[in-house]
1. Please find, within the range 59-92, the residue that is nearest to VAL180 (Cα to Cα) out of those that are part of a loop (DSSP other than H, G, I, E, B) and within 9 Å of the ligand (Cβ to nearest atom).
2. Name every residue in the range 168-191 that is surrounded by 15 or more Cβ atoms within 10 Å (Cβ to Cβ) and either of a type in the set (Gly, Ala, Ser) or out of contact with any Asp or Glu (no Cβ under 8 Å at 6 or more places or on another chain) (or both), in order of residue number.
3. Among (1) more than 18 Å from the chain's Cα centre (by Cα); (2) not in a loop (DSSP other than H, G, I, E, B), which single condition is LEU132 missing?
4. Of everything in the range 167-196, what is over 17 Å from the mean Cα position of the chain (by Cα), in a loop (DSSP other than H, G, I, E, B) and of a type outside the set (S, T, N, Q)? Give them in sequence order.
5. Looking only at residues in the range 93-107 that are in contact with a Leu (Cβ under 8 Å, 6 or more places away or on another chain) and of a type in the set (A, V, I, L, M), which one is nearest to the ligand (Cβ to nearest atom)?
6. Could you grab the pairs with beta carbons closer than 8 Å, sequence gap of 6+ or different chains, first residue in the range 175-191 and more than 17 Å from GLU126 (Cβ to Cβ), second one more than 12 Å from the ligand (Cβ to nearest atom)?
7. So GLN146 fits all but one of (1) part of a helix (DSSP H, G or I); (2) under 21 Å from PRO63 (Cα atoms); (3) within 18 Å of the chain's Cα centre (by Cα); (4) not small (Gly, Ala, Ser); what number is the exception?
Amino acid sequence: MVDASPKAATSPARVIFLGPPGAGKGTQAGLVARHFGVPKISTGDMLREAIAQKTPLGLQAGPLMEEGRLVPDPLLIGIITDRLAQADCQAGYVLDGFPRTLAQAAGFGSMAVGRQSGGLLVLNVEVPRDELLRRLSGRRWCPECQATFHVHNDPPKQPGICDRCGAGLIQREDDKETAVTRRLQEYDERTAPLIGYYQERGGKAFHTVDGYRPVDTVFAELKGIVEGAL
Ligand code: AMP
């Protein structure tokens with residue numbers, strides 16, 4: 001059983017998740033955020049919401065995301081600057097999917113919240129490449145409430161139907177094979193360098209965890225790391 005029940009934090013939990021697509025960052029970020037009572041901020045979810053609302057950001061991001069390409073840095077830095085300025089982030093936050101490039105990391109570092117690096121933790125989740133491919137190809141998504149399932153690892157009670165809201169599940173365009181190949185290439189070329197970047201700057205605040213284990217085992221380790229840092 002995953003125990004992600006909220007816990008009052010003594011100091012703000014500020015967490016960045018790093019890792020390739022399919023490593024389970026979204027799931028773990030959600031559990032950590034809930035446990036420590038801070039918002040989970042997923043740039044992927046924010047962009048998908050913008051696409052659904054057909055905002056100017058969504059119209060620009062949509063075609064890039066479908067192809068598995070990264071959305072331009074200034075757009076991401078803009079949405080994160082606005083989001084982190086909101087009141088609910090004062091007590092901490094968990095970032096899922098940002099930063100994804102060195103330029104975004106530099107942008108984050110120069111934001112007011114990024115400069116308060118005291119409690120910033122970077123959690124890097126590692127999973128072997130063949131397992132990433134298996135996870136991404138089996139992933140199913142609810143376009144209504146954004147819940148995710150997996151045909152083998154986490155199937156919905158009724159095949160093809162969202163447990164949470166009853167909508168029909170789909171395979172995200174960017175979970176299809178060509179886009180997945182592109183996403184992994186973007187990760188290798190543009191996101192993986194962040195590991196060295198934060199390792200150099202982070203010292204004890206940088207941790208790599210093995211994500212090729214059951215969700216609750218990974219979460220227990222992450223919870224211990226965050227608790228030890230608060
Ligand atoms: P995710 O749900 O985190 O896998 O993100 C889905 C897609 O959204 C990515 O493949 C990118 O196209 C886009 N995206 C999300 N976060 C970022 C980011 N920080 N920088 C650039 N593109 C992003």
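Nothing in this text is a laboratory measurement; each read-out follows from the coordinates by a stated rule. From a predicted model like this one, the values you see are computed outputs, not experimental measurements. Cβ coordinates were reconstructed from backbone atoms using ideal geometry, including for glycine residues, and neighbour counts include every protein chain displayed.
1. Looking at residues that are part of a loop (DSSP other than H, G, I, E, B) and within 9 Å of the ligand (Cβ to nearest atom), I get GLY68.
2. Listed by number, the residues that qualify are LEU169, ARG172, ASP175, ALA179, LEU184, GLU186, TYR187, ARG190, THR191.
3. Looking at each condition in turn, LEU132 falls short on (1).
4. Selection gives ALA167, LEU169, LYS176.
5. ALA105
6. These pairs meet every condition: ASP175/SER137; GLU177/SER137; VAL180/LEU133; VAL180/SER137.
7. Failed condition: (1).
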